[in-house]
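Chemist: Could you have a look at this structure, given as structure tokens, before my questions?
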Amino acid sequence: MAITPNTTFVAGNVLTADQMNRLPWGIMATATASSTNQTGITAVADVTGCSVTFTAVANRYYTVFGFAVVSSSAGSPALQQLTVTNSAASTTYALEITHFTIGGGNLVTADCQSTPFTLTAGSNTLKLRFGQSGGDTATYTVNNSTRPASIAVFDLGQA
């Protein structure tokens with residue numbers, strides 16, 4: 001029996017193992033960046049300290065969130081992108097693109113969230129990546145105790 005959002009439970013009902021396995025398991029992995037800014041990023045690069053490895057289960061939905069405070073130095077306008085990818089950076093699960101205007105130095109919060117996806121069962125690594133995808137402006141992340149970059153993976157339940 002599938003559990004639907006409008007299921008009403010009554011006294012005496014007992015959840016089966018199958019019903020329990022359909023429920024979300026919550027947070028699977030999280031990481032927070034170091035307290036050191038990453039400066040001079042001229043291409044997309046891994047955000048130091050924002051990589052997670054966890055054991056995925058087949059036929060379950062996952063979602064991932066990424067967050068960073070970012071900026072650009074003076075120069076031509078540039079497009080910045082914050083992404084969450086697999087360890088080989090061959091699959092992108094979440095993406096946000098920000099456009100900085102000339103002058104730079106402005107802090108911007110960048111965050112991205114994936115749609116639900118499934119993974120191959122076993123060990124999986126996801127990482128937060130940031131960098132410029134246009135213009136001639138170097139970019140950087142602002143990693144400190146009040147604004148650290150972070151990544152979090154959540155289990156949403158059985159597919």
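The values are calculated or read from the model by the stated rules, or taken from the named source; none is laboratory data. Keep in mind that this is a model prediction, so the values were computed, not measured. Cβ sites come from the backbone with ideal geometry, for glycine too, and all protein chains shown count toward neighbours. SASA here: full protein model, heavy atoms, side chains in, ligands and nucleic acids out. Shrake-Rupley method; radii C 1.70, N 1.55, O 1.52, S 1.80 Å.
Chemist: Using a Förster distance of 35 Å, how high is the FRET efficiency between Ala45 and Asn21, based on the Cβ-Cβ distance and rounded to 0.05? Provide the component values of the computation, followed by the final result.
Modeler: Details: r = 38 Å, r/R0 = 1.10.
Between Ala45 and Asn21 the formula returns 0.35.
Chemist: Roughly how many Å² of Ile97 are accessible to a 1.4 Å probe, to the nearest 10?
Modeler: 100
Chemist: Still on this structure: Working with all protein chains in place, sort Met20, Met28 by solvent-accessible area computed with a 1.4 Å probe, largest first. Don't skip to the end; give the middle numbers.
Modeler: Numbers: Met20 90, Met28 60 Å².
The residues order as Met20, Met28, largest area first.
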